[in-house]
Amino acid sequence: STSQKIFTLAMVRKTNALLLGLKKKGFGEGKWNGFGGKVEKDETISEGAVRELEEESGLVAKCLTKIGILEFEFVGDPVLFEVHVFDVTQYEGEPVETEEMKPQWFPEDGIPYEKMWPDDILWYPLYLKGIKFRGHFLYQGYDTILNYTLTQMDHL
Ligand code: 6U4
Ligand code: NA
Ligand code: NA
């Protein structure tokens, strides 16, 4: 039987720049990524997004907008990973390096896709244009997308 794990991914933006974190350990180690993690039993998905962003970057989100839902399957793994993606345009604090992440601002035309999950180059352009989306990706290992769907959404 298939089980499902729910994750958050917070995308932090300022004018023409995006904050990414270099993941120092765990799932996605060595990749540049948005900030997030597993949603816990006692919290909503939005609460999880706010908590994980603060744990990993030091920033406190003041305004979150859900912009996408991404599903990941890995060949040989029965778990379906569901990642809820949020745009964070208002926050308090300054990014700090944490145990998990090293934060850095990137210009929108200088995103380091070659050091990111291979699905990111597919959906970031929608995100950066303000288009909501739903995606499903079948991975073989962590580097190869065997097939995927990506759909623009009016509502999530
Ligand atoms: P623990 O176990 O508490 O240390 P936790 O921080 O809860 O870990 P983590 O860091 O394993 O969870 O969560 C994975 C993070 O990676 C989430 O923010 C979702 C994100 N993520 C997963 N697949 C991704 C992908 N293909 N593209 C992407 N982000 C992805 O941009
Ligand atoms: Na995390
Ligand atoms: Na966590």
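The values are calculated or read from the model by the stated rules, or taken from the named source; none is laboratory data. What you are looking at is a predicted structure, and each value in this text was computed from that prediction instead of being measured. We place every Cβ from the backbone using ideal geometry, glycine too, and count neighbours over all the protein chains shown.
All but one of (1) in contact (Cβ under 8 Å) with a residue 60 or more places away in the chain; (2) more than 14 Å from residue 73 (Cβ to Cβ) hold for residue 139, so report the exception by its number.
So the condition that residue 139 fails would be (2).
Quick one: would you say residue 5 is basic (Lys, Arg) and in a strand (DSSP E or B)?
yes
Can you list the strands (runs of 3 or more DSSP E) lying wholly within region 51-119 that have 1 or more residues being within 13 Å of ligand 1 (Cβ to nearest atom) and more than 22 Å from residue 151 (Cβ to Cβ)?
Where strands (runs of 3 or more DSSP E) fall fully within region 51-119 and carry at least 1 residues being within 13 Å of ligand 1 (Cβ to nearest atom) and more than 22 Å from residue 151 (Cβ to Cβ), they are 77-92, 101-107.
Does residue 112 satisfy being more than 14 Å from the chain's Cα centre (by Cα) and crowded, with 17+ Cβ neighbours inside 10 Å?
The answer is no for residue 112.
Quick one: which residue in 79, 96, 60 is surrounded by fewer than 18 Cβ atoms within 10 Å (Cβ to Cβ) and in contact with a helix residue (DSSP H, G or I) (Cβ under 6 Å, 6 or more places away or on another chain)?
Residue meeting the stated conditions: 60.
Does residue 133 satisfy the condition of being farther than 18 Å from residue 6 by Cβ and at pLDDT 95 or above?
When the stated conditions are applied, residue 133 does not pass them.
Restricting attention to region 24-54, which residues are under 20 Å from residue 96 (Cβ atoms), of a type in the set (D, E, K, R) and either modelled with pLDDT under 95 or exposed (fewer than 15 other Cβ atoms within 10 Å of the Cβ) (or both)?
Hits for region 24-54 are 24, 25, 29.
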